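Engineer: Dropping the structure in here first, questions after.
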């Protein structure tokens, strides 16, 4: 059994998902045996803008540590940052991302990083897919409860799926 912790980094909203895949083959599709990934946990973890930034980072670190302890993933799959026009926001997201990578490294997880275009290619087959196309494909690739609608949560699932695709290759 392989478990991957997918994280869509952010300091206000952190998408978190844990996916697993059985090592044994579980189904046959057109003469190919496949085993489908399964979402065993997902959430959009939020921190309040009223808190000091250092407190928000502490809360993010604590949440990541808790998820790692509870679900015992082997890999952290996390999105690399893309530069946007707001440098202050980008720096803060980078710091939140660093906290997640630190907690994963401390727990001995292997770190897998992917850029937004790599994630889009792995899940939809197109590096410039829209958010709506990505969400549609994620829902096709894994069984997700209907009440799961957070973009951040879906992105975390997509990042974990990308890691599974690269690990398999």
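Engineer: With labels modelled as points extended 7 Å from the Cα through the Cβ direction, what inter-label distance (nm, one decimal) is found for residue 139 paired with residue 70?
Structural biologist: Using points 7 Å along Cα→Cβ, the separation is 2.5 nm.
Engineer: Express the relative contact order of the range 2-168 as a whole percentage, based on alpha carbon pairs under 8 Å and six or more residues apart in sequence.
Structural biologist: 32 percent
Engineer: Tally the DSSP beta bridges in the chain and give the antiparallel ones as a percent, rounded to 5.
Structural biologist: DSSP beta bridges in the chain are roughly 65 percent antiparallel.
Engineer: Given the options 58, 97, 13, which has the most mean-square fluctuation in a GNM of the chain, springs set between C-alpha atoms less than 10 angstrom apart?
Structural biologist: Most flexible of the set in this elastic network: 58.
Engineer: Evaluate the chain: find the radius of gyration of its Cα atoms, find its Kirkwood radius, and give the ratio Rg to Rh. All intermediate terms of the calculation are to be shown ahead of the outcome.
Structural biologist: Working: Rg = 15.7 Å, Rh = 16.2 Å.
Ratio value, two decimals: 0.97.
Engineer: Could I have the simple spin-label model distance between residue 80 and residue 1, label points 7 Å from Cα toward Cβ, reported in nm to one decimal?
Structural biologist: 3.3 nm
Engineer: In degrees between 0 and 90, to the nearest 10, how far off the longest principal axis of the chain does helix 87-106 point, with axes built from Cα atoms?
Structural biologist: Orientation of helix 87-106: about 60 degrees from the principal axis.
Engineer: On a 0 to 90° scale, report how tilted helix 53-71 is relative to the longest principal axis of the chain, with both axes built from alpha carbons and the result rounded to the nearest 10.
Structural biologist: Between the helix axis and the principal axis of the chain, the angle is about 30 degrees.
Engineer: Next question, about the same structure. How large is the Rg to Rh ratio of the range 111-156 when both quantities use alpha carbon positions and Rh follows Kirkwood?
Structural biologist: 0.96
Here, each number is a calculation from the coordinates, and none is a lab measurement. The model shown is predicted, which means the values in this text are computed figures rather than measured ones. A quick note on method: Cβ atoms are made from the backbone with ideal geometry, for glycine too, and the neighbour counts reach across all protein chains shown.
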